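This report refers to the structure that appears directly beneath it.
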Amino acid sequence: MLLENRLTGKQLIIDTKYKLRDRESTNAKQGISQSDLYQMISYALRRETDQVILLYPCRYGQLLLEETYYSVSSGMLTTRPVHIRGLDIPVTGLAREEIEARVVQFLTGAVRPS
């Protein structure tokens, strides 16, 4: 999903995954796969934006993993780094309206000015 601020033209990419983050992972990526990171960097390059959010489902009653934040710089990227955030959203065991409300709540708190 590509969101654009009508006033500033700033774009934000949001990608929803349909897999759980690896909760056993002890590396700095906190369960986010390398392929997901590569995919988000390619999306950011294609859309010429530096803000990306990855949303992962979380089972009802399961503890949420901490928010993950990466800033990726490279000579292949634009002059500014790409900022990638990973968030868990509890979605199982809830009505569709409750899930929608939680997604809006997470996204409202997730959008950072740059």
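The values are calculated or read from the model by the stated rules, or taken from the named source; none is laboratory data. Because the structure is a prediction, the values reported are computed rather than measured. Cβ coordinates were reconstructed from backbone atoms using ideal geometry, including for glycine residues, and neighbour counts include every protein chain displayed.
Just so you know, in region 44-66 the residues that are within 14 Å of GLY86 (Cβ to Cβ) and not in a strand (DSSP E or B) include one that is modelled with the highest pLDDT, and it is GLU66.
Going through (1) assigned to a helix (DSSP H, G or I); (2) modelled with pLDDT under 75; (3) surrounded by fewer than 17 Cβ atoms within 10 Å (Cβ to Cβ); (4) of a type outside the set (Phe, Trp, Tyr) one by one, MET76 falls short only on (1). Here GLU24 does not qualify as in a loop (DSSP other than H, G, I, E, B), under 14 Å from the mean Cα position of the chain (by Cα) and at pLDDT below 80.
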